1. Any chance you could count how many residues in the stretch 233-258 are hydrophobic (A, V, I, L, M, F, W, C) and in a loop (DSSP other than H, G, I, E, B)?
2. Does GLY61 satisfy the criteria of being modelled with pLDDT under 95, surrounded by 13 or more Cβ atoms within 10 Å (Cβ to Cβ) and under 21 Å from the mean Cα position of the chain (by Cα)?
3. Quick one: GLN117 ticks every box in (1) under 30 Å from GLN168 (Cβ atoms); (2) touching a strand residue (DSSP E or B) at 6+ places or on another chain (Cβ under 7 Å) bar one, so which box is it?
4. What number of residues within the stretch 165-189 are open to solvent by 60 Å² or more (accessible area, probe 1.4 Å) and not charged (D, E, K, R)?
5. Looking at the stretch 108-116, can you tell me whether even one residue there is under 26 Å from the mean Cα position of the chain (by Cα) and at pLDDT below 95?
6. Does PRO227 satisfy the condition of being under 21 Å from the mean Cα position of the chain (by Cα) and open to solvent by 20 Å² or more (accessible area, probe 1.4 Å)?
7. Select, from SER87, SER82, the only residue that is among the small types (Gly, Ala, Ser) and surrounded by fewer than 17 Cβ atoms within 10 Å (Cβ to Cβ).
Amino acid sequence: MLLLLLLLFMKIISHGPSTMATQVLGPHHPAAEDPLSFRLLQTFSFANHSWEYTQVSGWLGELQTHGWDSVLGTIRFLWPWSQGNFSKEELKNLRELLQLYFHSLPREVQAFSSQFQFEYPFELQISFGCRMHSGKVSENFLNGAYQGSDFLSFQGNFWKPSPGAGSQAQEVCKVLNHYRVIKEIVQRLLIDTCPRYLAGLLEAGKSELERQVKPEAWVSKGSSPGPGRLLLVCHVSGFHPKPVWVMWMRGEQEQLGTQRDGYPIFLICVCLAVLVTVVILVLVDSWFKKQSSNQSVCSPHVPNPAFPTEANIQEPKISGSFLCLAQKSWIKNRFLKKLKISLSQL
């Protein structure tokens, strides 16, 4: 098996220039402030000595670019540019190497499960890849986890147990470090093949990765968290790239307690949920007298007796119910307008 791995790997690195000396890549995504990375995420689930399941995906930053068909043993390219600038021959050799790896690793784990004291059912997770910043490789990584906890990593040319992983991880690393050929293959994949592939993805997918789309936002009413309380949810969707700030405003003043969320959204993501506490301690007649003079927009932390509760809105027999609905619509529209103005200035 080791000889076959070595032969396949030599076929892969025989194509294209090596970047081991300078490790300078280009071009890179100019809009990104954080280092860009390509990583292969693998999950191996072992139910018993004879059954296991493998899940594999490839990611360029936060964008999934690849999948793995475990039945056919082929790479699934999720974007037209997911092949990067690798030739068909290089991709074929890479696929064959992955086929051998995904077939052999579970068998070896099963064989050593007793020695490593792996207790069924258990799960192994592996993250393999490289990261670059300003056109240069800043980091290569291969990390492994057992049962969801850090277990080991590949550093330099050696497998090392993670801090706190204990004697179990030390035993696994001891065995792995005996396989010199495997270590050389892993090292070369990390410092040469991965950076070349990452550079090719950034070049091939440049137009998609540099695309910028303004966000769209709207406010909806969530389920009531309790009597006299109303949940407003701000939805933001359709924006690219991922950084976005969403905040609640009262006039020109940002409200205390506002949360800013920068997670990536591709369909619809609820970026901010603001709980407005409304305490109604006065009679309905008193509320109607106050509403005409109250012009403030609801705040996440300031009680606002003028804001209609769920009970007020849904009660058709109370005089002035249409006015309540109108005020609710007005407040929601004003919130939405403020949010759109804030987001358009990003």
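1. Applying the first criterion (hydrophobic (A, V, I, L, M, F, W, C)) to the stretch 233-258 yields 233-234, 236, 239, 244-249, 256.
Narrowing the set further to residues that are in a loop (DSSP other than H, G, I, E, B) leaves 239, 244-248, 256.
Qualifying residue count, the stretch 233-258: 7.
2. Working: modelled with pLDDT under 95: yes; surrounded by 13 or more Cβ atoms within 10 Å (Cβ to Cβ): yes; under 21 Å from the mean Cα position of the chain (by Cα): yes.
It is true that GLY61 is modelled with pLDDT under 95, surrounded by 13 or more Cβ atoms within 10 Å (Cβ to Cβ) and under 21 Å from the mean Cα position of the chain (by Cα).
3. So GLN117 meets the others, but not (2).
4. Result for the stretch 165-189: 5.
5. Filtering the stretch 108-116 down to residues under 26 Å from the mean Cα position of the chain (by Cα) leaves none.
Scanning the stretch 108-116 turns up no residue that is under 26 Å from the mean Cα position of the chain (by Cα) and at pLDDT below 95.
6. no
7. The conditions single out SER87.
For every residue, the table says whether it meets (1) touching a Leu at 6+ places or on another chain (Cβ under 8 Å); (2) under 27 Å from VAL109 (Cβ atoms).
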position	(1), (2)
LYS136	yes, no
PHE154	yes, yes
PRO163	no, yes
LYS174	no, yes
VAL181	yes, yes
CYS194	no, yes
SER223	yes, no
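The values are calculated or read from the model by the stated rules, or taken from the named source; none is laboratory data. What you see is a predicted model; the values in this text were computed from it and never measured. Here the Cβ is made from the backbone with ideal geometry for all residues, glycine too, and neighbour counts use every protein chain on show. Ligands, DNA and RNA are stripped out before the accessible areas are found, and what is left, the full protein with its side chains, is counted by its heavy atoms. Shrake-Rupley method; radii C 1.70, N 1.55, O 1.52, S 1.80 Å.
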